[in-house]
Structure formats: structure tokens, C-alpha cells
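Readers should treat all values here as calculations from the given coordinates under stated rules, not as data from a laboratory. Small disclaimer: the values here were computed from a predicted structure and weren't measured. Here the Cβ is made from the backbone with ideal geometry for all residues, glycine too, and neighbour counts use every protein chain on show.
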Amino acid sequence: MSDPQLIVDDLHVRFRTPQRIVHAVRGVSFTVGREKVGIVGESGSGKSTVGRAILRLTAPNATVSARRMAFQSVDLAGASENAMLKVRGRRIGMIMQDPRYALDPVMRVGEQIGEALDGRGLSGAERRARVLAMLEAVRIRNPQRVYDLYPHEVSGGMGQRIMIAMMLLPEPDLMIADEPTSALDVTVRMQVLAILDELVTNRGLGLIFISHDLNLVASFCDRVLIMYAGRIVEECRAEDLAAAQHPYTRGLLASLPRIDARRERLSVLQRDPAWLND
Amino acid sequence: MTEPAMIDVNTLRISFGHGASLVHAVDGVSFTVREGETFGLVGESGCGKSTVLRALCGLNPAWSGDISIAGAALARPPDRAFFRRVQMVFQDPYGSLHPRHTVNTTLGEPLAIHGIGDRDRRIVEVLEQVGLGPAFRYRYPHQLSGGQRQRLAIARALILEPRVLLLDEPTSALDVSVQAEILNLLTDLRRARGLTCILVSHDLAVVAHMCNRLAVMMQGRIVEELDVAALAEGRTATEYGTGLLTASRGYDRRLAAAFVEKTEE
Ligand SMILES: Nc1ncnc2c1ncn2[C@@H]1O[C@H](COP(=O)(O)OP(=O)(O)OP(=O)(O)O)[C@@H](O)[C@H]1O
Ligand SMILES: Nc1ncnc2c1ncn2[C@@H]1O[C@H](COP(=O)(O)OP(=O)(O)OP(=O)(O)O)[C@@H](O)[C@H]1O
Ligand SMILES: [Mg+2]
Ligand SMILES: [Mg+2]
């Protein structure tokens, strides 16, 4: 593990709802260096919330607290909103889980991606060229056509690649990628992941890779954190994921369908209340 | 194999835009799905899978070719009874859910539109089926995680008890254990109600688990159709189909480089 760029220590996030307080993240601690850290885990276990909390993008009904949350020299927990504006998108990018929702519905996608280059003193033509090159890099077949489309006119996987292009343009030091490739066919996925992989290896990007795809995380990432009910219940080297020990992780592995071994029913997880406390 | 055709699609064509931005999103697609069968659609991102499904459920009237469902030609626009028989689970649940409607309203609305009674019981029951407890009943979409929203979208499609279910990446936002629960639920419904499904997915293991047959699409066309036994044994007929199988094994830096070269040719 290289020296940590991001330090998260004892992070808690609570949501106020009319019925009760949802304690969505319950004491999460981890670090990220110039490496690929996967986060897998139960739906609703708080993965996206951790990602958003790092950038202070949680919903208005959220309360975030942490013993320490820092990125390089920036104290993310204490920084002013102004300071956060300089971090968000520029030094830390986040690829959101629902790209077509995260995009502005009434703005052409090319122009939206171009906004990531604001304040660089580029001419309109230079900007357009940079955006088209980036769309091509993420394997969009016809960048010229897609530049002028609105978000509802692109397919699910095109939306994801548009989001990735937008986040890569400012060349951030840390990328939080929330299910960035779930809508891509596996051959395009491989190519897009190769771009991220290259940035980690050659430019020292730190990557947080949130995904439900256990095989993908095992083959792509360096380390994996496994979350359950707002906590990290296990951590291992990615290549050792298949040998993970926690019963929750074992249950996940057992419920995977396989191409070459058809079963009538898939095994489902028997959740144990004890997992909430260990 | 003797079941009658539930869905019959013949030389379906759909295009968008004009002039330089014209795109033939679906370019002469034909396939048949028999009653009770689950048919898989896989292929390149942007090759027209969602566009095919949207036409089949009556959401895109601008198509040409022939579509018939349960032996009747698809009308434009379809009548109300059609929408009760054919339901779709959309690819991005966030975009298809009304942001200011609670779970309860989202599920109650189709029942009201179709004049179906006993709403309270049906809502509680379907929430239970998709593994969302009663605690979620009065939440708004933005107060749900990605996977919880997806389960809501599935519940909304199921609450009308359709005969045909069109599933666009139904489990890609779910953790694999919830995915297993949803796939088991779909298997049960298929058996209990003879449900006919089309399943779009990038996950070949999910397709192999759920489907009888599948079609591989590329740039608006079906390039290959095969049964799951052939898929399981790796007997694909096209280079693209074989590439999908290879890339399904996970990330491999060397393979990625090979794919890049191929597309740049
Ligand atoms: N604004 C909110 N108000 C109330 N509860 C919320 C809010 N946002 C999220 N939650 C709840 O917090 C928990 C964690 O949500 P989060 O989106 O982080 O899950 P996740 O691990 O990303 O799940 P998924 O894999 O399904 O995307 C969930 O139970 C969710 O319902
Ligand atoms: N309303 C629209 N206006 C213009 N183009 C559109 C529209 N809807 C779809 N398209 C185009 O049609 C093509 C097929 O899109 P579709 O959403 O069917 O792809 P898909 O196979 O579902 O891809 P994915 O796997 O990425 O979801 C894409 O090139 C897309 O940009
Ligand atoms: Mg999430
Ligand atoms: Mg689609």
C-alpha cells in the first residue's frame, strides 16, 4: 500500500426521517493511497453515502461526523464550503451511481462535460476538441453525434461513459467511482477500466471503486472493503476475495450465478443479527 | 417447444434524428419468445436493447415492422388492457420514478388507473415479495439506496400481475444476494403464472441462469442467437459473442489492450 492520500477515521452518517433516525454509516475507517480500493457490500449498507460524505454531498437531512477525514493536506471535515468547491470535481471526482439522473436534463451532454474545463482559459473550439477526445477515449462510437444529445437520448452505458469522461477531464488525484460500469457491456467495460487502471499506475490516481460485481472487484482492484449495515465487516487483498472469511462475504460468494453451472435456485443469504455488532 | 409464441417481432426498425445525426438504433430485428419462456438480449452498450423493449411495451410508437403479443398485433397507441398485460422494469429506476411520490403512491397509482381494488393488501404483499419491509412504504425515491429503488421499480411492474415482463438490467444495481432473491422470485412467478420474460443484461451469468435462449446484438442488429446450453459450453458463433464470454471472466490488463486494438482497426 502506498502512502495514504485519503484518511477516513470513524465516519458516521445519520439521516433524519419522519419515523426515525437512520444510522446509515456507523464508524467506518479506511485509507486510500495511489491504488484501487474496492467497496462491495449489501444494498443499502452505506457505500454511496460514504462516497458522498467524503465530498460533503450528502442529502440535507444527513448529519455527518468523523474523528478525522482528510485528503492530502485538506481537512475534509472542517473545510469551508468555499474550500470544498476547489476540491470537488477538481481534486476529487465522483462518478455517481445514476448518471442520467446526475446530469442536467436540459443541457447537451457535450456542453456539460465541457463545464469540467471551466476557468482554464480555453477557446470554444479547444474545449470542444478536448471533450470529443475524451468521449472517444471512453469508447463512444460516434462522439460528434453524442456531443449534441440530451441525457434522455443516450443509452444507459453511454450515460455512464459520459459521467466518466466528465470526471476524468479535470485530472483529479482521487476518483470515487460508484458502480461506474454496471451498464456497460463487458468488452467496453474492460476498455474503460483499462483507462482508470492506467491512471492509477502511471499518474498515481487513487481510486475508490464501489461495485456489486465480486469477480470484477477481485480481478481489478488491489484491496477490498466489505460493508454490511453501515460498517466495514472485512477487508482483504482483492485476489484473496474468494477466500474471504466473514459469513456475510461467504454468503455473497455463494449466491453468484455461474455461466457454466446452472442451478434451479440460487442460494440466498441468511442474515445473522450478530453481524450488526462484530 | 410446442408453446405458442407470446412475443413475435419481425424486421423491427427504429431510428432517431435526421441528417448527420440520424441513427438506426434498431435495424431489422426479428425474434420469437414462446409463452413461459425467458429470452435474453445481450450486446454492446448503445446497440438498441432498451429501444427494442420500449417499443414492445408501447412506449415508442415510431417503429416499423411487425410486433405481435399473445397473437394480437401491437396497436399504436396500445389500449389500457395492454399495459396491464405487459409491464417493463426500466434500466435506471431513478429516472422512471416520480421524485415526489412516496413508495405507497408509486405502487397505488397503477392499481387506481386500472380500477383494481384491495390496494392496501396488494401493496404490502408486493413490498414483501421484493424484500422491502413496510418501513419503506412512506419513503421518497431519494431516501432509498440504488438497490432499494430498483426493488421498488420491480414491485411496480409486478403489482399489476402482468403476463409479459420486460426486464432491462433488473439486477445490475443490486448486491448479489438481493440479486439472488429477485432472480428466485422471478423464477417462482414464472412457474406460478406462466410469465413470459425478456431479460436485458450485461451479466452473462445472470442470462445463463435465467434464460432459455438469447440473442446477441450489435449496432441495431441481432448477430447471433443461441440457447443457454451453447452459452454454458462456450459455443458462440461470432467473434463479438466470444469476446463477451472472454471479457465476462473479469478484468485482465493484457486482454483489455487486445480489445482496444481490435476496436481501433
Ligand atoms: N436522504 C436519505 N434519507 C433517509 N435515508 C437515506 C437517505 N439516503 C440514504 N438513506 C438510507 O441510507 C442507507 C444507505 O444508503 P446508500 O445509498 O449509501 O446505500 P448503498 O450501500 O450505496 O446501497 P446500493 O448498493 O443499493 O446503492 C439506506 O438504507 C438508505 O435507505
Ligand atoms: N430519444 C432518443 N433520441 C436520439 N437517440 C436515441 C434516443 N433514444 C435512444 N437513442 C439512441 O439509440 C441507440 C440505442 O440506444 P439504447 O438505449 O436502445 O441502447 P442499449 O442497447 O439499451 O444500450 P445500454 O446497454 O448502454 O443501455 C443509442 O445510440 C442512443 O443514443
Ligand atoms: Mg449506492
Ligand atoms: Mg439500455
Region B:3-20-region B:23-73 distance, computed between alpha-carbon centres (Å): 5 Å
Given charges at Cβ of Lys, Arg, Asp, Glu: chain A dipole, positive-most of A:ALA53, A:GLY41, A:THR63: A:THR63
Whole-Å semi-axes of chain A's equivalent ellipsoid (Cα gyration tensor): 31, 24, 18
Region A:118-145 versus region A:16-86: alpha-carbon centroid distance in Å: 31 Å
Chymotrypsin sites (Phe, Trp or Tyr not before Pro) within region B:20-70: DSSP coil, no more than 13 neighbouring Cβ in 10 Å: none
Rounded to 5, percent antiparallel among DSSP beta bridges of chain B: 55 percent
Low-density loop positions, GluC sites (Glu not before Pro), region A:198-278 - DSSP coil, at most 15 other Cβ in 10 Å: A:GLU264
Dipole-positive endmost among B:GLN150, B:GLY250, B:GLY19 within region B:5-264 (Cβ charges, Cα centre): B:GLN150
Lys, Arg +1 and Asp, Glu -1 on Cβ, resulting dipole of chain A about Cα centre, debye, nearest 20: 420 debye
Footprinting exposure proxy for B:LYS49, A:LYS86 (fewest neighbouring C-beta atoms within 10 Å first): A:LYS86, B:LYS49
Only Lys, Arg (+1) and Asp, Glu (-1) charged, at Cβ; region B:83-133 dipole about Cα centre in debye: 160 debye
Among A:SER48, A:SER80, A:SER211: highest mean-square fluctuation, GNM of chain A, C-alpha pairs under 10 Å: A:SER80
Selection from B:GLY46, B:ILE198, B:PRO141, by position along the positive dipole direction of region B:5-264 (Cβ): B:PRO141
Residue with peak Gaussian network fluctuation, chain A [Cα springs, cutoff 10 Å], from A:ILE226, A:ILE54, A:ILE259: A:ILE259
GNM flexibility winner over chain A from A:ASP240, A:ASP222, A:ASP118 (Cα, springs under 10 Å): A:ASP118
Partners for A:LYS47 among aspartates and glutamates (Cα-Cα distance below 13 Å; same-chain residues under 8 apart left out): A:ASP178, A:GLU179, B:ASP175
Dipole in debye (nearest 20) - region A:52-161, about Cα centre, beta carbon charges: Lys, Arg +1; Asp, Glu -1: 360 debye
Neighbour-count order for B:TYR251, B:TYR240, fewest beta carbons within 10 angstrom listed first: B:TYR240, B:TYR251
Centre separation in Å (Cα based) which lies between region A:181-239 and region B:183-198: 32 Å
Antiparallel content of DSSP bridges confined to the protein assembly as shown, in %, to 5: 55 percent
